[in-house]
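Notes follow the structure.
The values are calculated or read from the model by the stated rules, or taken from the named source; none is laboratory data. Predicted model only: the values in this text are computed from it and were never measured. Every residue, glycine among them, receives a Cβ derived from its backbone with ideal geometry; neighbour counts consider all protein chains shown.
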């Protein structure tokens with residue numbers, strides 16, 4: 001039942017936004033009582049944390065699929081970044097919950113912590129693979145992963161919040177993600 005609640009809550013958030021999420025709405029869609037929801041989740045905040053956890057799981061799966069289609073370690077890292085931005089643009093409400101106030105309470109939600117850490121571990125792993133082949137600079141993989149993550153996260157947030165319209169940059173989200181990904185690699189790349 002907890003998985004069904006999480007899926008219904010994720011659907012509500014994805015289609016209507018987190019403001020539409022409440023126990024009554026979930027119970028009605030599942031055909032159960034309000035009390036049935038509270039047997040599995042303490043409150044709305046805990047449900048939102050579960051939605052954020054599911055969002056990170058889905059993002060991780062999408063990143064894995066994107067990496068599987070890329071040739072070479074550098075292209076795998078690039079594919080992750082493009083996938084990250086694409087996910088945020090295609091799922092802006094879910095993305096908002098993933099980085100919202102409930103998600104910031106990760107210590108209280110071990111599943112959410114693990115799912116979010118899994119996304120960062122994928123980025124870090126791709127950085128380490130690139131370093132092993134001498135394709136990006138030496139240094140802390142954690143710092144490089146933070147740089148890559150923050151670049152794509154920042155871009156995704158700017159696109160989702162419609163903040164790039166006044167700039168002379170490509171109009172499509174995919175083209176913007178490719179532009180930023182390329183600039184990330186120029187910044188981390190080995191210089192002759």
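Which members of the stretch 93-114 meet the condition of being under 10 Å from the mean Cα position of the chain (by Cα) and surrounded by fewer than 22 Cβ atoms within 10 Å (Cβ to Cβ)?
Result: 96, 99.
Do we find a residue being in contact (Cβ under 8 Å) with a residue 40 or more places away in the chain and in contact with a helix residue (DSSP H, G or I) (Cβ under 9 Å, 6 or more places away or on another chain) anywhere in the stretch 18-31?
There is at least one residue in the stretch 18-31 that is in contact (Cβ under 8 Å) with a residue 40 or more places away in the chain and in contact with a helix residue (DSSP H, G or I) (Cβ under 9 Å, 6 or more places away or on another chain).
Residues being in contact with a helix residue (DSSP H, G or I) (Cβ under 7 Å, 6 or more places away or on another chain), assigned to a helix (DSSP H, G or I) and closer than 20 Å to residue 145 by Cα: count how many of those fall in the stretch 67-102.
18
Looking at the stretch 123-137, which of its residues are within 17 Å of residue 186 (Cβ to Cβ) and either surrounded by fewer than 17 Cβ atoms within 10 Å (Cβ to Cβ) or over 24 Å from the mean Cα position of the chain (by Cα) (or both)?
Result: 134, 135, 137.
In the stretch 1-15, is there at least one residue being outside any helix (DSSP H, G or I), without any contact (Cβ under 8 Å) to a residue 40 or more places away in the chain and more than 23 Å from the chain's Cα centre (by Cα)?
yes
When residue 78 is evaluated against the numbered criteria (1) modelled with pLDDT under 95; (2) within 14 Å of residue 13 (Cβ to Cβ); (3) buried (at least 17 other Cβ atoms within 10 Å of the Cβ), which criterion, by number, is the only one it fails?
Looking at each condition in turn, residue 78 falls short on (2).
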